[in-house]
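Colleague: The structure is given below, and queries will be raised subsequently.
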């Protein structure tokens, strides 16, 4: 009889695989939806563990919110949020108020939800065109997506660009990153394990010893490798 493989242990959700969300600064969202334009002041720029983009704390007259910081933002700068906000870096406007080709980030899926799209460091989307009932936005992936024209977005590019380009240089740096994100690291290859520990383990040399494609309804102890692949083999 074998033992629980790593995929089964991850699925159980033990403490070793849970992200330390208690260390996070909080949810990074736009201010509450308002008909009038509100003005706030950037009082702090923060690093959030487990998040690549820096955050900024903005103090408005009736609330203090944590927002994703754009490039070139500074402490003491004012942030406007509303339909009459100026076209300036960091301001939040409805999509129908933003000109075509302008870089935006943290786009709302529905008006008032605080932002769902384009939130990672260095990313930005662009307004492609406007219609009466929708705004077409070109996402960083190249996909064109239709949004509600009343959905809000922030102007600019998310700060922290170029972060993935820096090499890890030593194992300790990868260890600390993995710890903040609850990644299981380092990950041992299945073919390097014993037969009792993984379906691909064992044998006189390192090889799966069987097809590495498995069906979608394969039992958890065997569900490793390429799960329900659309195709296998070389492309002809």
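Colleague: What do you reckon, is residue 28 surrounded by 12 or more Cβ atoms within 10 Å (Cβ to Cβ) and under 17 Å from the mean Cα position of the chain (by Cα)? Step through it out loud before you land on a result.
Modeller: Details: surrounded by 12 or more Cβ atoms within 10 Å (Cβ to Cβ): yes; under 17 Å from the mean Cα position of the chain (by Cα): yes.
Here the answer is yes, as residue 28 does meet what is asked.
Colleague: Further, regarding this structure: Taking region 123-133, which residues are part of a loop (DSSP other than H, G, I, E, B) and either outside the structural domain of residue 50 (by TED's automatic domain parsing) or at pLDDT below 95 (or both)?
Modeller: 131, 132, 133
Colleague: Which one of these is farther than 30 Å from residue 22 by Cβ, out of contact with any strand residue (DSSP E or B) (no Cβ under 9 Å at 6 or more places or on another chain), at pLDDT 95 or above and surrounded by fewer than 14 Cβ atoms within 10 Å (Cβ to Cβ): 215, 192? Spell out the reasoning first.
Modeller: Details: 215 fails: out of contact with any strand residue (DSSP E or B) (no Cβ under 9 Å at 6 or more places or on another chain).
After ruling out the rest, the residue left standing is 192.
Colleague: Keeping to region 175-189, report how many residues are assigned to a helix (DSSP H, G or I) and either under 18 Å from the mean Cα position of the chain (by Cα) or modelled with pLDDT under 90 (or both).
Modeller: 5
Table: residues versus (1) closer than 29 Å to residue 28 by Cβ; (2) in a loop (DSSP other than H, G, I, E, B); (3) in contact (Cβ under 8 Å) with a residue 12 or more places away in the chain.
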position: 153; (1), (2), (3): yes, no, yes
position: 196; (1), (2), (3): no, yes, yes
position: 200; (1), (2), (3): no, yes, yes
position: 210; (1), (2), (3): no, yes, no
position: 216; (1), (2), (3): no, yes, yes
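Colleague: Only one of these conditions is not met by residue 51: (1) in contact with a strand residue (DSSP E or B) (Cβ under 8 Å, 6 or more places away or on another chain); (2) under 24 Å from residue 177 (Cβ atoms); (3) buried (at least 18 other Cβ atoms within 10 Å of the Cβ); (4) at pLDDT below 95. Which number is it?
Modeller: With respect to (1) in contact with a strand residue (DSSP E or B) (Cβ under 8 Å, 6 or more places away or on another chain); (2) under 24 Å from residue 177 (Cβ atoms); (3) buried (at least 18 other Cβ atoms within 10 Å of the Cβ); (4) at pLDDT below 95, residue 51 is out only on (1).
The values are calculated or read from the model by the stated rules, or taken from the named source; none is laboratory data. Remember, predicted model here, so these are calculated numbers, not experimental data. Neighbour counts are summed over all protein chains in view; Cβ atoms, including those assigned to glycine, are modelled from backbone coordinates with ideal geometry.
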